[in-house]
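Read-outs: derived from the displayed coordinates by stated rules, not from any lab. Every value quoted in this text rests on a predicted model; they were computed, and no experiment measured them. Counting neighbours? That spans all protein chains shown, and the Cβs are built from the backbone with ideal geometry, glycine included.
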Amino acid sequence: MTASPHPPPSSILVVGAGVFGLSTTLSLLLSPRYTSTRITLLDSHAPICDSASSSSTAIPDDIEDSCNPHGASIDTSRIIRADYSNPVYTSLASQAQERWRSDDALNKHYHECGLAVVGSKGQNGWEYIEKSKHNVAAAHEEDSQKTERPDGEPHEDVQVLENEEAIREILDTDGGSSGEAGYVNWRSGWADAGGAMRETRARVSALARTQARTLWKRGQASRLLFGALPSSSPPSSSSSPSPQRAVTGVQLTDGTALHADLTILATGAWTGSLLDLRGRVEASGQVVAYVPLSPSEAQRLRNMPVILNFATGMFAIPPSHPPPPSSPLIAPPDPHLKIARHAYGYRNPTTIQDPSQDDGNSSRTVSLPASTFSAIPPEGESACRTFLASLVPWLADRPFSATRLCWYADTPEGNFVVDYHPGVRGLFLATGGSGHAFKFLPVLGARVLEAVEGRLEEAGLGACWGWKGVVEGFVGTEDGSRGEVRGVLGVEMGRGRDGRGERVRRDGGSKL
């Protein structure tokens, strides 16, 4: 028997308008259960609203351009795939892919060019590749069909790549390759992440204009607010004794207090600045580089699938036609090839005043995103250059037009944290994307809302996403998907071009 959902609170504050926060807000607005709930969406890059307006939905027309350029979900492209070793994620990602294909607002941002998953037999990541291949093949079995690859030739959905020559053939980059073997899934691809997020913001905006219960608020949360436990306070995690205090909202950096019966923290890699999640969620910086292309060069690469090498963590996303005007780093008219690495990443240890203490003397050191864009560390740039030379030899010496660090909210096993905090009432977490949450944009908010209501029924998701204990010594996601280099951002930035980060051994699977 399905448990009755928790009663809706009279007010909800969603902190953060990234993929978790925005999709959750959209699901709240679409649900008839919350027609009487006042909803506030707080983000440092939200549109400026007139709080004195008679309607609390004073939302300007340029809302879709108000995106945080540092957010992990704001970029030219993200991989969209169901290729997971864990069938729970394969199932959910398959549902998301159907929406990417069928939703008129999203499918124009989706490019199903195929995904080549490669590695080296018997080495790190190979077991994951085999499990992933099995899971996607099983997921496609019921509607088994031949699909067309970008050059128009029919192929089975999942095509085994027995050797490097087979990889070279499907890449079609004039001699380039990466990895020794693997498979290509022609029903995966990539999406213009920034474009899809703007589309979702526009949809939230349109719904909010018709509902005088929704407020966009621009600002940055500096601390959680605590208060006495109200009689109608939303629940906490069912796995812990009932707490005797409640979160009542957040205080902004300008001193403004925002109150709500339920606060949903969807603050991504910045979550550690508000809540002590050491050993559960840590921010890591991942290198990204963009290779400028002429229109004719982009045409040469038009049949290239996305490629992801689990042995190194390196991946590449081909140019679109025309390129998406999504990133603040890339001039919209310029085609480009995106090179990046899904690794342990760089930590950025930052000492902050403990926002849960009022004495002003308590501090803690956590990894938080860098506050400004800067060049990537020399080690990361060298890794991107080496991968580019192998993948597209005729671009080996092409200078990068831009580089950046993409900040993940990493968890020990790469699972999201979507659950009530067990220590207080009125606080729900929707974070820990670990570099692979964006693909779930079309379905993520609905699942978060199910968890809020205590009725997350998707097989296995509750166990994956529930509150976990502290992992002592946690310094990176150990799901096996990460490349072999980790480091401290400040140290790596000070090294020369030949400097290398600490090498570590890893095993297992991937979530990207």
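For Met314, Met197, what ranking results if the residue with the fewest other Cβ atoms within 10 Å of its Cβ goes first? Mind showing how you got there, number by number?
Details: Met314 25, Met197 28.
Placing the least packed residue first, the sequence is Met314, Met197.
Where Lys and Arg each count +1 and Asp and Glu each count -1, what net charge lies around Ser178 among other residues with Cβ under 12 Å from its Cβ? List each step's numbers first, then the result.
Numbers: positive: Arg168; negative: Glu164, Glu180.
Spelling it out: positives minus negatives among the neighbours equals -1.
Specify the inter-centroid distance of segment 434-452 and segment 103-123, based on alpha-carbon positions, in whole Å.
18 Å
Report the relative contact order of segment 381-468, percent, no decimals, based on alpha-carbon pairs under 8 angstrom and at least 6 residues apart.
Details: 82 pairs, mean separation 22.4, N = 88.
25 percent.
What FRET efficiency comes out for Asp254 versus Val160 if R0 is 45 angstrom and r is the Cβ-Cβ distance? Round to the nearest 0.05. Could you put the intermediate results ahead of the total?
Numbers: r = 57 Å, r/R0 = 1.28.
E between Asp254 and Val160, to the nearest 0.05, is 0.20.
Explain nothing, just compute: Karplus ³J(HN,Hα) = 6.51 cos²θ - 1.76 cosθ + 1.60, θ = phi - 60°, for every residue of segment 18-33 in order, whole Hz, x for Gly and Pro.
For segment 18-33, the Karplus curve yields x, 5, 5, x, 5, 5, 5, 4, 4, 5, 4, 5, 8, 8, x, 5 Hz.
Using amide H atoms built 1.01 Å from N in the peptide plane, name the residues 5+ places from Ala260, or on other chains, whose amide H lies under 5 Å from its own.
Under 5 Å from the amide H of Ala260: Gly249.
Tell me, what ³J(HN,Hα) does each residue in segment 104-112 have, in order and in whole Hz, if you take phi through Karplus 6.51 cos²θ - 1.76 cosθ + 1.60 with θ = phi - 60° and put x for Gly and Pro?
For segment 104-112, the Karplus-derived couplings read 4, 7, 9, 5, 6, 9, 9, 10, 8 Hz, x marking Gly and Pro.
Counting other C-beta atoms within 10 Å, which of Thr248, Thr90 has the fewest, and how do the rest follow?
Taking fewest neighbouring Cβ atoms as first place, the list is Thr90, Thr248.
Quick query: amide H of Arg223 versus all other amide H atoms, modeled in the peptide plane; which residues come in under 5 Å with a sequence gap of 5 or more or a different chain?
It is Gln251, by chain and number.
Scan around Ala343 for amide H atoms under 5 Å from its own, H built in the peptide plane at 1.01 Å from N, and keep only partners 5 or more places away or cross-chain.
Residues meeting the criterion, in which the H sits 1.01 Å from N, are Gly483.
Whole-Hz Karplus ³J(HN,Hα) for segment 412-425, in order, using 6.51 cos²θ - 1.76 cosθ + 1.60 and θ = phi - 60°, x for Gly and Pro?
Rounded to whole hertz, the list is x, 10, x, 8, 5, 10, 10, 5, 6, 6, x, x, 9, 8.
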